[in-house]
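The structure under discussion appears below in the form of structure tokens.
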Number of protein chains: 2
Amino acid sequence: MNSRAGFENWIREALLQTESALDAWVPGDAPAALGEAMRYGVLDGGKRLRPLLVLAASQAVGGHPQAALRAAVAVELIHAYSLVHDDMPCMDNDVLRRGKPTVHVKYGEASAMLAGDAMQALAFEVLTPTDSHVPPALQARLCGLLARSAGCAGMAGGQAIDLASIGQPLSEAELREMHRRKTGALLQASVLMGAATGAASASAWAALSDYGAAIGLAFQVVDDILDVTQASDTLGKTAGKDAEANKPTYVTVLGLEAARAEAQALRRSAHEALARSGLSSGACLAMLADMVVERDR
Amino acid sequence: MNSRAGFENWIREALLQTESALDAWVPGDAPAALGEAMRYGVLDGGKRLRPLLVLAASQAVGGHPQAALRAAVAVELIHAYSLVHDDMPCMDNDVLRRGKPTVHVKYGEASAMLAGDAMQALAFEVLTPTDSHVPPALQARLCGLLARSAGCAGMAGGQAIDLASIGQPLSEAELREMHRRKTGALLQASVLMGAATGAASASAWAALSDYGAAIGLAFQVVDDILDVTQASDTLGKTAGKDAEANKPTYVTVLGLEAARAEAQALRRSAHEALARSGLSSGACLAMLADMVVERDR
């Protein structure tokens, strides 16, 4: 798995697995339009970066495949619910996501809020199967990692800072702290949930945590760069929204060239962390770090 | 614990424990106003029926006290988040809750949505302590029970039916199914989470499940009765909302007298289930069933 072609095969296989599990585990028969809205919000779209990180980290530590697939789906459900809620009129008021009308545009605000709420609950349902062979202690560990990355110390906390920061000047340190929570926490948790499915030593765990933190930040820096350099049709969402909303970004705080240099520095940090981990099968994680920085949407 | 005075002492002690744990575990220092909005949404108000059910069921099976307290707080967090989201303009658009302005009135819609989201995540954080003696397998079991009762097969699914049913005639069976999910699932889960903290036999588990289903439905029947018979200042929330919104209720479907008879029948079912459970320390559960039916707010 050191070749580009091998990585591309791995990605294809991992995405197939993820899509098929999402399709199987997100119920279509939930009452009224709830199931339909949930499926609309999470199926058929998205880069699936978080599931890929879970599966790659699990592979790197020789982890439990069933548990890794459940963790991959759970973390994507949390990500997808956060997009559904973020897009609503009281938050970003966005009408386009993954090239399609957003959930509240299609199903109404009340259904979008409920669908997001139910997706968060479903993430924890998926992590706690009653009829499978995922060991209960691992289920509890995965629930704990996911809940902490989604809650006020993680994603929701970052969104609260984001909300409060509109029109406010932020220092680079404050911006970093906001994104560490808002985007970084769930990306880092993806890596750690994957690692938790196997037997990582304390030093490998710490190195994977550093890797996750580096790509978590890199992802957001690149997002901010793409928001000013790419058109909406490439991104599949409305471009230039941050500037328009007067939100601080890495580009407004650092400037475009310095933001690009920062993304490269974070990529190097991620690779160094992998080298420190001592894991011999971290090739997919290394290539995912490159993918995060080199992506154009 | 068969006397009224003993029960009142037990309630007082259980409420003190619950309030103190909520105060300790709902963080005030979350970023921006997020922590403040979360605390506003869950502290200092509410009957705490769900925590009382968890603690009483745990006591009935000689359960793990630390796990029971965590389950009590977690289930109340789920209940409280659902109220915060329900009250928002895109749902019930209510401005009064527990005698105070609702969370979105005080903190804005975006913060209310985020606070609700973070409260749901916090419920699962509380259930998965990393530094305590709650056995991991029990943590996983509690997460699974809570997630399933909160998600599309439970509370969120019931809310979706509710949303779709405004202005629609519902049969008694459909109304019952909506409430079984919307309110009943979380009340039943409270009982079962309490039972899971100890060693309930399969037959005791089934009986407690029946008890939980009966009081879950009774709670809603009584809610519908109070909505037409009590004033807003007694309820601490806006009375008569359901009729005004043209929502089907037990009173509109059955009539007031038949709804009262139904509440009494469900109380008897709850008592019969407790008798079937064979548990000798279910006195608090029995008195909680009476409290659910006799309450005036």
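A compact table of results
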{"item": "Count of residues meeting criterion [assigned to a helix (DSSP H, G or I), over 22 Å from the mean Cα position of the chain (by Cα) and not basic (Lys, Arg)] in the stretch A:248-276", "result": "8"}
{"item": "In the stretch A:66-96, residue farthest from B:MET119 (Cα to Cα) [restricted to those that are crowded, with 24+ Cβ neighbours inside 10 Å and of a type in the set (D, E, K, R)]", "result": "A:ARG70"}
{"item": "Residue match in the stretch B:23-32 (condition: within 18 Å of the chain's Cα centre (by Cα) and more than 14 Å from chain A (Cβ to nearest Cβ))", "result": "no"}
{"item": "Per-region count, the stretch A:24-60, residues under 25 Å from A:ALA196 (Cβ atoms) and out of contact with any Pro (no Cβ under 8 Å at 6 or more places or on another chain)", "result": "18"}
{"item": "Filter result for B:GLU76 (away from chain A (no Cβ under 11 Å), of a type in the set (Asp, Glu) and in a helix (DSSP H, G or I))", "result": "yes"}
{"item": "Flag if B:ALA239 is modelled with pLDDT under 95, within 24 Å of B:ALA150 (Cα to Cα) and not in a helix (DSSP H, G or I)", "result": "no"}
{"item": "Unique match (being assigned to a loop (DSSP other than H, G, I, E, B) and in contact with a Gly (Cβ under 9 Å, 6 or more places away or on another chain)) among B:ALA213, B:ALA204, B:ALA189, B:ALA199", "result": "B:ALA199"}
{"item": "Evaluation of B:PRO65 against (1) away from chain A (no Cβ under 14 Å); (2) touching a Cys at 6+ places or on another chain (Cβ under 6 Å) (one fails), failing number", "result": "(2)"}
{"item": "From the options B:VAL95, B:VAL75, B:VAL42, B:VAL105, residue that is β-branched (Val, Ile, Thr) and in contact with a strand residue (DSSP E or B) (Cβ under 8 Å, 6 or more places away or on another chain)", "result": "B:VAL95"}
{"item": "Among the residues listed as B:LEU52, B:LEU34, B:LEU16, the single one being of a type in the set (A, V, I, L, M, F, W, C), closer than 23 Å to B:MET287 by Cα and buried (at least 19 other Cβ atoms within 10 Å of the Cβ)", "result": "B:LEU52"}
{"item": "Elements of type helices (runs of 4 or more DSSP H) contained in the stretch A:80-170, each with 2 or more residues being at the interface with chain B (Cβ under 9 Å from one of its Cβ atoms), modelled with pLDDT under 95 and over 18 Å from B:CYS152 (Cβ atoms)", "result": "A:155-165"}
{"item": "Residues (more than 14 Å from B:ALA263 (Cβ to Cβ) and surrounded by fewer than 19 Cβ atoms within 10 Å (Cβ to Cβ)) located in the stretch B:211-229", "result": "none"}
{"item": "Test result for A:GLY184, more than 11 Å from chain B (Cβ to nearest Cβ) and within 16 Å of B:PRO31 (Cα to Cα)", "result": "yes"}
{"item": "Scan of the stretch A:1-51 for residues that are outside any helix (DSSP H, G or I) and among the small types (Gly, Ala, Ser), ordered by number", "result": "A:SER3, A:GLY28, A:ALA30, A:ALA32, A:ALA33, A:GLY45, A:GLY46"}
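The values are calculated or read from the model by the stated rules, or taken from the named source; none is laboratory data. Owing to the predicted nature of the structure, the values given are computational and were not obtained by experimental measurement. FYI the Cβ positions are ideal-geometry reconstructions off the backbone, even for glycines, and counts take in every protein chain you see.
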